[in-house]
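Novice: Mind having a look at this structure? Questions to follow.
The values are calculated or read from the model by the stated rules, or taken from the named source; none is laboratory data. As the structure is a computational prediction, the values presented were derived from the model and not from experiment. We place every Cβ from the backbone using ideal geometry, glycine too, and count neighbours over all the protein chains shown. SASA here: full protein model, heavy atoms, side chains in, ligands and nucleic acids out. Shrake-Rupley method; radii C 1.70, N 1.55, O 1.52, S 1.80 Å.
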Amino acid sequence: MLCRLLYVSRISDTAAANLPCAMEEILVVSARRNTPDAVTGLLLADGASFVQVLEGPDARVIACYERILQDQRHHDIRLRSLASIDERSFPRWSMCGLTLSDLEDKLLAASDIAFELREADPGALLQHLEGLAARHARQLDAAHAKLVAASSSSGRASPTV
């Protein structure tokens, strides 16, 4: 069975100090680990919070989330939704990510930036992520291709992602 897991967390001060590097590390390792586990999803950072949706086989999504819970790059992790699904919303990416601060002036509409990630209703949060993914699919596809290439050539692994 497939499931979808959605969580939010606060970005640690260390990760926030160099968020582009933290995001790249998370995404490269996630692409390498998630591909064989058939886990897909999207990670969004707004400078203060992460929100991530994971989709895939139940046991593998839960195992991925358990590793995430140990990751020191964030804290105050809140599981917002865990549900069985028939179809994935993010099937194209082993993991892909957006950082709002990097894209504010180039790609995102005001509604993308003003959305309160930590307090949003889980359904509204998922809808927001689906909208971002649809609007920025071309950019995310290109970024994911680079991540997959980097993950297949990288020998380093994070112990927690």
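Novice: Can you find a residue in segment 99-115 that is at pLDDT 90 or above and either under 19 Å from residue 147 (Cβ atoms) or in contact with a helix residue (DSSP H, G or I) (Cβ under 8 Å, 6 or more places away or on another chain) (or both)?
Specialist: No, segment 99-115 contains no residue that is at pLDDT 90 or above and either under 19 Å from residue 147 (Cβ atoms) or in contact with a helix residue (DSSP H, G or I) (Cβ under 8 Å, 6 or more places away or on another chain) (or both).
Novice: Restricting to segment 116-161, what's the tally of residues that are over 20 Å from residue 82 (Cα atoms), open to solvent by 70 Å² or more (accessible area, probe 1.4 Å) and modelled with pLDDT of 75 or more?
Specialist: 5
Novice: So which pairs qualify, if the first residue must be in segment 1-25 and part of a strand (DSSP E or B), the second must be among the small types (Gly, Ala, Ser) and at pLDDT 95 or above, the Cβ gap must be under 6 Å, and the two must be at least 6 apart or on different chains?
Specialist: Short answer, once both residue conditions are applied: 3/84; 4/83; 6/81.
Novice: Further question on the same structure: So residue 2 fits all but one of (1) under 23 Å from residue 125 (Cβ atoms); (2) crowded, with 21+ Cβ neighbours inside 10 Å; (3) among the aliphatic types (A, V, I, L, M); what number is the exception?
Specialist: (2)
Novice: If we keep just the residues of segment 30-42 that are outside any loop (DSSP other than H, G, I, E, B) and open to solvent by 10 Å² or more (accessible area, probe 1.4 Å), which is nearest to residue 118 (Cα to Cα)?
Specialist: Of everything passing the filter in segment 30-42, 40 is nearest to residue 118 (Cα to Cα).
Novice: Tell me, please, whether a residue that is charged (D, E, K, R), out of contact with any strand residue (DSSP E or B) (no Cβ under 6 Å at 6 or more places or on another chain) and closer than 25 Å to residue 135 by Cα can be found in segment 59-82.
Specialist: no
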